[in-house]
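Encoded as structure tokens, the structure appears first; notes follow it.
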Amino acid sequence: MPKPPGRGGLGRGRSRCSTVTGQVIGVAWYRLRATLRQRWGGYLSVVLLIGLVGGLGMGAIAGARRTQSSFSAYLAGTHASDLDMGIYPQGNPLASTSAYYARITSEIKRLPQVKRVASYDTLFATTLKKDGAPDFPQALNDSQVDTISSVHGLYFDQDRVFVTQGRLANPARANQIVATAQAAHLLGWHVGEVIPIGIYSFAQSNEPGFGTAKVRPYFRVSARLTGLVVFQSQIVRDDVDRYPTYVLFTPALSARVANAAFYPEYALQLDRPGDVATVEREIVNLLPAGSTYNFHLTSVVEGEVERAIKPEAIALGVFGAIAGLAALLIAGQAIGRGLQANSGDLDVMRALGADPGTTIGDSLLGTLGAVFLGSILAVGVAIGLSPLSPIGPVRQVDPSPGVAFDWTVLALGFVGLVVFLAAVTVALAYRGAPHRTVARRRRQATERVSGFVALAARAGLPAPAVTGVRFALERGRGRTAAPVRSALLGAVLAVVVVVATLTFASGLNTLVSHPNLYGWNWNYAIDEVGGGQVPPPTLTLLNHDPDVAAWTGFKFGDAEIDGQTVPLLIAESNAALTPPILSGHALDGTHQVVLGAATMSLLHKKVGQTVKISYGSPNDAPVYIAPTRMVIVGTATLPAIGNSGVLHPSMGTGAIIPDSVEPAAFKKALTEPDPNLNGPAIVVVRLRPGVSPAAGLASVQRVARKTTKLMAKDPDDGGTFHVLSVQRPAEIVNYRSTGATPAVLAAGLAAGAVVGLGLTLAASVRRRRRDLALLKTLGFTQRQLAATVSWQASVAAVIGIVVGLPVGIALGRWLWILFAHQIFAVSDPTVPVAQIVLVAVGALVLANLVAAIPGRIAARSKTALLLRAD
């Protein structure tokens, strides 16, 4: 009588299962040791492919993350301020203002949200001649270099500058200075040099003998230039902030020249960075009557830098993703070829009685071990590549250069490679097991002939062409089956990736070369050197200039919009020229506002909604704009335009408001008593169609020179007016520095595509050796065999071109439109027709070049050796 099942029966079942598993593993381990000498080359190729290509992908993605986060890490290490500001009394800010600023400083320090206040003073400093007279280098006269001194540790502790050469000056030594590299270049200084410098007070600059040795400096010092530094605001700069550059004196010197300093600029650290808007309102409320101000937010600088370095980060990330995908595809093909190469051994094992588990597990241990080792190598390669990042301008201030460990990318990359490729290995091993080959061969026996092959035959193509088309489109049967689908898919993907990269790069080049796409929607601009107003005579001259089609004047400023400080362009409604509108329409009435897209997002508003704009507080009257409700009528890509060193519009940041918002008392307070001060801060000019750039520039320059001469007649209004060409935002300045990066990436991807096509084609020829041998037996010459392989490669390339070109163009345009919206530029995708034609021709030529080697091998193969087994 059979025994009923119980615990003992189940235990024996588990024991039997464990025994079978152990036997399978034992056989697999034995086979691994027995065949390692024969198969080690295949295993090594898998390890190297996964390690090198996969490591390149992980390294690129880690580099992209490091590049994008590097500026935030740098800021954290500099004890960055949350808010910078300049405050100016009504009237002349250079005379008798020490009590004014002492009071403001004291009140700011008492604000509850303010954790620390530091500042710098502007100094009237210049190099001295041997006789003690001031030298006044041209760079100082042109405001290309400013001399500033640290107060309470600004730039030495708070907002600490980054030293690129030499060392930081000792803050306790009055005879040491540092400078930016550009300032040192303009002044002709070098690190270690001792420079005689004189510092003058405002009162001394008005003495009759000023400029000669008769007026002795308020303070004289022989200062040693100890190092070259980078300020956080200068890492990525737009053209507005290109000048001034800086020479920085120590806090020890500031204490000695406090009575000669002017124009203090404050830097505030807050308990909570989110309190910036609250602190701004409190500062505005405590200012004395008639004061004006401007704010500069560190968050704005951080946003500009992050947008500027985004192309490098995206390029690295995309390249890494493509390399990772290539690693998976190429390694998967290599694993498949290795398993197929062992199919003969599996047939023998099955004939000798091996069960399916044993045959499936025959090659698993070795291949899975190669996948594991290759993934470890990929992690090592990624770590080895880490010193090459970050890339771009932030590299100069990387707080932790050298080897970096992005454990998120390394861990996810390692797990992804192991899990995916292990699953591929198991699936391919199961699919190639002998017990499944019978059904597969039966399906292959009824496989239909490709319609294209039949069409080629009916078209009367020569035999090598028809055979090549069949090899390219039909998988074949049995041991001669070739990876047709992977070859065609690889060709399509290669063309798609290259064309999409070129299309995206074309959009980038178009953006860089077309200023109207980043807000500069005119040809030139006229303003006064050092800041000021463009007087009415300039406008009259422009009205009578035959080369000028239109002009518009803008004033600069900033205001509170729904509690956020926003830089402004102030213009007339229905202005002749306006920045390019992205949505809605330009100003055509009062109480309207056009916002930059980034500002719109910050305010959480949409076109058609309203915002409240104000400037100052009632205590500041008449320099006060009461809260005014305004309708958002559009969004625009704003130009990089304004005053250096303060908050100004750029790309997506800022707003355009009508000058009618300014009350009459406000305008009178700022311009009294001289009506010439009531003009715009800058006038932008568009030339008539057909006027050459050279002729138009000469015409606008004549207007600027005439204005300078006219204003020189009045000593109170004297100033130098000049012509500005394109002012580029920080994003465009940095994009231009990428140079040939898109082309290099496209070339690298193309090279990878050629290698992948070559490997696939070589594998296909290897699998078709018996078919080629039969063709040779049937009378094919060596030239015809080579032509057959060439036709096979050409068909794959043509399919890749026909499918890949439109898909790649569509993908590249979509990526560019998405990217342009992210950086708030006008999206104008372009298609590089000439380059894409070259890609198509190049793909066909390269496919045939790649096919030359396997074709030559096929033509020279020994027929008897290949067919003796049959």
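Across segment 265-272, not a single residue is classified as of a type in the set (S, T, N, Q) and modelled with pLDDT under 75. For GLY584, the criteria (1) open to solvent by 30 Å² or more (accessible area, probe 1.4 Å); (2) over 20 Å from VAL723 (Cα atoms); (3) in contact with an Asp or Glu (Cβ under 8 Å, 6 or more places away or on another chain) hold in every case but one, which is (3). Would you confirm, using the coordinates I've provided, whether GLU280 is closer than 25 Å to GLY642 by Cβ and in contact with a Gly (Cβ under 6 Å, 6 or more places away or on another chain)? So GLU280 fails the test.
Here is a yes/no grid of residues against (1) farther than 14 Å from THR653 by Cα; (2) not β-branched (Val, Ile, Thr):
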| position | (1), (2) |
| --- | --- |
| VAL548 | yes, no |
| ASP588 | yes, yes |
| THR610 | yes, no |
| ALA640 | no, yes |
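Every test in (1) hydroxyl-bearing (Ser, Thr, Tyr); (2) over 30 Å from ASN509 (Cα atoms); (3) buried (at least 21 other Cβ atoms within 10 Å of the Cβ) is passed by THR292 save one, and that test is (3).
Buried (at least 17 other Cβ atoms within 10 Å of the Cβ), under 28 Å from VAL301 (Cβ atoms) and either at pLDDT 90 or above or polar (S, T, N, Q) (or both): is that true of ILE625 in this structure? No, not satisfied.
For segment 95-154, residues that are open to solvent by less than 40 Å² (accessible area, probe 1.4 Å), hydrophobic (A, V, I, L, M, F, W, C) and in a strand (DSSP E or B) total 9.
Sort out which residues of segment 579-598 are assigned to a loop (DSSP other than H, G, I, E, B) and not β-branched (Val, Ile, Thr), and write them in order of number. Before you say what the answer is, go through the steps one by one.
Filtering segment 579-598 down to residues assigned to a loop (DSSP other than H, G, I, E, B) leaves 579-580, 585-591.
Residues satisfying the conditions are PRO579, PRO580, HIS585, ALA586, LEU587, ASP588, GLY589, HIS591.
Is it the case that TYR624 is in contact with a Pro (Cβ under 9 Å, 6 or more places away or on another chain) and hydroxyl-bearing (Ser, Thr, Tyr)? The answer is yes for TYR624. Is it the case, given these coordinates, that GLY507 is closer than 24 Å to ALA308 by Cα, at pLDDT below 90 and not charged (D, E, K, R)? Against the criterion (closer than 24 Å to ALA308 by Cα, at pLDDT below 90 and not charged (D, E, K, R)), GLY507 qualifies.
Quick one: is TRP551 under 18 Å from PRO579 (Cα atoms) and open to solvent by 40 Å² or more (accessible area, probe 1.4 Å)? Considered against the rule, which asks whether it is under 18 Å from PRO579 (Cα atoms) and open to solvent by 40 Å² or more (accessible area, probe 1.4 Å), TRP551 comes out as yes. Determine whether segment 331-350 contains at least one residue that is modelled with pLDDT of 65 or more, of a type in the set (Lys, Arg) and either touching a strand residue (DSSP E or B) at 6+ places or on another chain (Cβ under 6 Å) or farther than 21 Å from ALA60 by Cα (or both). Yes, there is a match, as at least one residue in segment 331-350 is modelled with pLDDT of 65 or more, of a type in the set (Lys, Arg) and either touching a strand residue (DSSP E or B) at 6+ places or on another chain (Cβ under 6 Å) or farther than 21 Å from ALA60 by Cα (or both).
Look at segment 457-478: where a residue is within 12 Å of GLN792 (Cα to Cα) and modelled with pLDDT of 70 or more and a partner is of a type in the set (D, E, K, R) and surrounded by 15 or more Cβ atoms within 10 Å (Cβ to Cβ), sitting 6+ places away or on another chain with Cβ atoms under 7 Å, you get PHE471/ARG768. Figure legend. Inter-residue proximity from segment 377-392: first residues more than 15 Å from ILE61 (Cβ to Cβ), second residues in a helix (DSSP H, G or I) and not small (Gly, Ala, Ser), beta-carbon distance below 8 Å, spacing 6+ or different chains. Indicated pairs: LEU377/VAL47; LEU377/LEU48; LEU377/ILE50; LEU377/LEU52; GLY392/THR67; GLY392/ILE309; GLY392/GLU312; GLY392/ASN734. Only one of the listed residues (SER363, SER375) is at pLDDT 70 or above, in contact with a helix residue (DSSP H, G or I) (Cβ under 6 Å, 6 or more places away or on another chain) and not aromatic (Phe, Trp, Tyr). That residue is SER375.
For the structure I just gave you, tell me whether LEU488 is modelled with pLDDT of 85 or more, of a type outside the set (Phe, Trp, Tyr) and over 30 Å from GLY679 (Cβ atoms). No: the conditions fail for LEU488. Assessment of segment 213-230 against the conditions (over 25 Å from ALA133 (Cα atoms), touching a residue at least 24 places away in the same chain (Cβ under 8 Å), in contact with a Phe, Trp or Tyr (Cβ under 9 Å, 6 or more places away or on another chain) and not small (Gly, Ala, Ser)) yields at least one matching residue. When segment 41-93 is filtered for residues that are closer than 18 Å to ASP406 by Cβ and in contact with a strand residue (DSSP E or B) (Cβ under 8 Å, 6 or more places away or on another chain), only TYR74 remains. Is it the case that some residue within segment 297-307 is farther than 20 Å from PHE162 by Cα and surrounded by fewer than 19 Cβ atoms within 10 Å (Cβ to Cβ)? No; the residues of segment 297-307 include none that is farther than 20 Å from PHE162 by Cα and surrounded by fewer than 19 Cβ atoms within 10 Å (Cβ to Cβ). The set of residues in segment 546-572 being in contact with a helix residue (DSSP H, G or I) (Cβ under 7 Å, 6 or more places away or on another chain) and in a loop (DSSP other than H, G, I, E, B) consists of ASP547, ASP562, GLY563, GLU572. Looking at the structure I just gave you, is GLY227 assigned to a strand (DSSP E or B) and of a type in the set (Gly, Ala, Ser)? So GLY227 fits the description; yes. Can we say THR278 is assigned to a helix (DSSP H, G or I) and surrounded by 14 or more Cβ atoms within 10 Å (Cβ to Cβ)? Taking the combined requirement at face value, the residue satisfies it. Of all residues in segment 628-637, those that are open to solvent by less than 50 Å² (accessible area, probe 1.4 Å) and closer than 29 Å to SER291 by Cβ total 2. Looking at the structure I just gave you, is LEU111 among the aliphatic types (A, V, I, L, M) and either without any contact (Cβ under 8 Å) to a residue 24 or more places away in the chain or farther than 29 Å from VAL215 by Cα (or both)? It is true that LEU111 is among the aliphatic types (A, V, I, L, M) and either without any contact (Cβ under 8 Å) to a residue 24 or more places away in the chain or farther than 29 Å from VAL215 by Cα (or both).
If you filter segment 510-522 down to residues that are touching a residue at least 24 places away in the same chain (Cβ under 8 Å) and open to solvent by 60 Å² or more (accessible area, probe 1.4 Å), you find that the one that is nearest to ALA315 (Cα to Cα) is HIS514.
Take the residues in segment 227-253 that are open to solvent by less than 10 Å² (accessible area, probe 1.4 Å) and among the polar types (S, T, N, Q), then tell me which one is farthest from VAL723 (Cα to Cα). Among them, the one singled out is THR250.
Filtering ALA793, ALA773 for residues that are under 14 Å from ALA852 (Cα atoms), at pLDDT 65 or above, of a type in the set (A, V, I, L, M) and surrounded by 21 or more Cβ atoms within 10 Å (Cβ to Cβ) leaves a single hit, ALA793. Restricting attention to segment 633-648, the residues that are over 17 Å from GLN533 (Cβ atoms) and of a type outside the set (A, V, I, L, M, F, W, C) add up to 5.
Restricted to segment 393-412, and to residues there that are touching a residue at least 24 places away in the same chain (Cβ under 8 Å), closer than 17 Å to LEU75 by Cβ and in a loop (DSSP other than H, G, I, E, B), the residue that is least open to solvent (accessible area, probe 1.4 Å) is ASP398. Every condition in (1) on the phi < 0 side of the Ramachandran plot; (2) touching a Ser or Thr at 6+ places or on another chain (Cβ under 6 Å) holds for GLN138 except the one numbered (2).
The values are calculated or read from the model by the stated rules, or taken from the named source; none is laboratory data. From a predicted model like this one, the values you see are computed outputs, not experimental measurements. Note: ideal-geometry Cβ built from the backbone for every residue, glycine included; neighbour counts use all protein chains shown. For the accessible areas, the whole protein counts, side chains as well, though only heavy atoms, and no ligand, DNA or RNA atoms are used. Shrake-Rupley method; radii C 1.70, N 1.55, O 1.52, S 1.80 Å.
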